[in-house]
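Before any comments, here is the structure.
The values are calculated or read from the model by the stated rules, or taken from the named source; none is laboratory data. Since the structure is predicted, the reported quantities are computational estimates derived from the model, not experimental observations. All Cβ positions, glycine included, derive from the backbone under ideal geometry; neighbour counts span all protein chains shown. To get the accessible areas, we keep the full protein, side chains included, count just its heavy atoms, and leave off ligands, DNA and RNA. Shrake-Rupley method; radii C 1.70, N 1.55, O 1.52, S 1.80 Å.
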Amino acid sequence: MNFTAGDRIRYECTGDDGLPLVRYGFIGGVSATDGPVVVMLDGELSGDVVNLSEVQHVTVTTVELCLHGTDLIDDPELRRGLVSLWHAEADSAGLDIDALHPIGDGECDSPGAWCLADLRAGGFQYLLRAVQLPDEPEMVRVRAEPFTPTPFTPGPA
């Protein structure tokens, strides 16, 4: 992945309490194409040197929430709340969401997966989905996925 100074990034690390932590910031400098980068984290004055494997470009599809508890998708009220939580995370990441339209209590499109909202950003359409992770069934991931409409196939006349 190529980074240049000024790129907006998402930095995954471990917090002081040993739990996973996501921070946002900018690339302050790149030493080599495969080497560490200097990250200027939001709200901090100094830069941190981090490995490339710990950072991602901020895009609509890389901003996600991983939350513990299947009640988040089992309970309609909590499912509705996931839309606001993701939108707050997108704001923290610095994303400009053009439109966000919740889908009521969500629509279950497969076991353990719910469509929560449709959204537009940068001229593209996305679906906000909550999915129970198959390898960690107690974890729920909320993220936007590109919307690809199903082609219309006319029936017999």
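Points to keep in mind about this one:
- Centre-to-centre separation between the Cα atoms of segment 130-145 and those of segment 36-62: 24 Å.
- Choice from ALA117, ALA99, ALA90 showing the highest fluctuation, given a GNM over the chain with Cα pairs closer than 10 Å: ALA99
- Segment GLU77..SER92, full-extension length gain: 3.1 nm, with 0.36 nm per residue of separation and the alpha-carbon distance subtracted.
- Computed from Cα atoms, the angle from the helix 76-93 axis to the main principal axis of the chain rounds to 30 degrees.
- Per-residue ellipticity at 222 nm from helix content only, as computed over the chain with -39500 (n - 2.57) for each DSSP H run of at least four residues, stands at -4000 deg cm²/dmol.
- Two-site label geometry, ALA5 and THR33: point separation in nm, points 7 Å out along Cα→Cβ: 2.0
- Working note: Cα atoms of the chain, range along each principal axis, descending, whole Å: 63, 39, 27.
- Whole-percent carbon and sulfur share, accessible surface of the chain, 1.4 Å: 54
- Normalised per residue, the accessible area of the chain is 59 Å², obtained with a 1.4 Å probe and no contribution from ligands, DNA or RNA.
- Stretchable slack from SER110 to ASP42, in nm (0.36 nm times residue separation minus alpha-carbon distance): 20.8 nm
- Most mobile listed residue (ASP98, ASP42, ASP135) in the chain, GNM with C-alpha springs under 10 Å: ASP135
- Qualifying chymotrypsin sites (Phe, Trp or Tyr not before Pro) in segment 1-43, where qualification requires a DSSP coil assignment and no more than 16 other C-beta atoms within 10 Å, are lacking entirely.
- Residues within the reach of a label modelled at GLU138 (point 7 angstrom out along Cα to beta-carbon, backbone nitrogen below 16 Å), restricted to segment 17-58, are 19-20.
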